[in-house]
Structures are given as structure tokens and as C-alpha cells.
Amino acid sequence: QVQVVESGGGSVQPGGSLRLSCVASGISFSRYAMGWYRQGPGKQRELVARISSAGSTNYADVVKGRFTISRDNAKNTVSLQMNSLKPDDTAAYYCNAGFLGSYYWGQGTQVTVSS
């Protein structure tokens, strides 16, 4: 059974930092591209950052230079370090695992950036 579980969300003031983690089990983790998506209030879900099985990364323009995605294949974990957070970063953040047309989603973790 595949499980994708996010953690690390919370409330933070503008300019603060948070680190999200996602553990995926039941899959050959190292084969999967891993991504973080987010969905803000009244908005569509959007890609935040993605890391390929080979470790290549890409980011949404709005988070470049502030967010860093990384993976630890030994721990089946992908992380998202978020710095210089802005109120517009407020959203539910979802972890996604994808490989050859198979995709798995976590339940999401809420990030709220507010003073």
C-alpha cells in the first residue's frame, strides 16, 4: 500500500522559515520524481518545486531563490525548505510522487504566513 505523508506545516510571520517533509512508502522511492504543489484559498493547485529521480530540480518562478527542494533516497523523504516566506505563500502544500504515469498524493499540510 502506497502512503505519502507530509509534515512540517504551521503558522509563521512574514520573512520566516518553515521546512516541510514528505515520506513516501510502498514505492521504489528512488525511481520517482517528487514534487511539492500548493493550493491557496480560491486558487488552483500549482507546482512549487520538483526534483527528478536523478536529482534535477525546477521551481516556480515565484519561489526561486527562497525555496529549496531536496531528497534523501535512503529515508524515502523529500523536503522543502522555505525561507523568506510571504503572505502569498499561504496554502495547503501537497507532496506528489510520480513515475511512468503513476501518481500518488499526500493529504496536504497547511502553511499560513501572517503577521
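Quick one: length gained pulling residue 104 to residue 28 fully straight, 0.36 nm per residue minus the C-alpha distance? Intermediate results must be reported in sequence, preceding the final value.
Values: separation 76, 0.36 × 76 = 27.36 nm, distance 1.24 nm.
So the extension gain works out to 26.1 nm.
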task: Could you bin all the Cα-Cα distances of the chain into 5 Å bins starting at 0 and give me the percent of pairs in each, rounded to whole numbers?
output: 2, 13, 25, 26, 19, 10, 5, 1, 0
- prompt: Toward the positive end of the charge dipole of the chain, about the Cα centre and with charges on Cβ (Lys, Arg +1; Asp, Glu -1), which of 32, 10, 42 goes farthest?
  reply: 32
task: Excluding residues fewer than 8 places away in the same chain, name every one of the aspartates and glutamates whose C-alpha is closer than 15 Å to that of residue 86.
output: 61
Net lengthening on full extension, residue 5/residue 84 (0.36 nm per residue, minus Cα-Cα): 26.0 nm
field: Lys, Arg +1 and Asp, Glu -1 on Cβ, resulting dipole of region 39-80 about Cα centre, debye, nearest 20
entry: 60
- request: For the chain, give the magnitude of the charge dipole about the Cα centre (Cβ charges: +1 Lys/Arg, -1 Asp/Glu; no others), in debye to the nearest 20.
  value: 120
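Rule-based calculations on the coordinates, nothing more; no lab input. Because the structure is predicted, anything quoted here is derived from the model rather than measured. Positions of Cβ are generated from backbone atoms using ideal geometry, with glycine treated the same way; all protein chains shown enter the neighbour counts.
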